[in-house]
């Protein structure tokens, strides 16, 4: 099912942003928080490992960019409380 700007609260432990989606064709992750968020595709997220998304930064995944991956996507941050990552996904 497509998501359009869904807000996911990322914790200081590995948090699922989006599950595996065999129909995924586009995924945009936007870090709305004030701390770098680390994204891991297909595995649990680990601090300071994987794809870093800086505060107010984003990560785009699609076929045109050559980085489309349909596995689950997890994230983590090293700050306090939770941080919001906005997720937009389309089949």
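Values quoted throughout were computed directly from the atomic coordinates according to the rules given, and no laboratory measurement underlies them. Remember, it's a predicted structure, so these values are computed and weren't measured experimentally. Heads up, the Cβs are rebuilt from the backbone with ideal geometry, glycines too, and the neighbour counts pull from every protein chain shown.
Quote the relative contact order of region 3-90 in percent (integer), defining contacts as alpha-carbon pairs under 8 Å separated by 6+ residues.
Details: 239 pairs, mean separation 44.1, N = 88.
RCO, region 3-90: 50 percent.
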For labels at residue 48 and residue 35 in the simple 7 Å Cα→Cβ model, what's the distance in nm?
1.5
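Rg to Rh ratio, region 3-90, alpha-carbon atoms and Kirkwood radius?
Values: Rg = 11.7 Å, Rh = 12.6 Å.
Rg/Rh for region 3-90 comes to 0.93.
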Please report 76, 51 as a ranked list, fewest other C-beta atoms within 10 angstrom at the top and most at the bottom.
51, 76
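Among 28, 61, rank each residue by its count of other Cβ atoms within 10 Å, from fewest to most, as a rough exposure measure.
Listing 28, 61 from fewest to most nearby Cβ atoms yields 28, 61.
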How many angstrom separate the Cα center of region 1-37 from the Cα center of region 73-91?
5
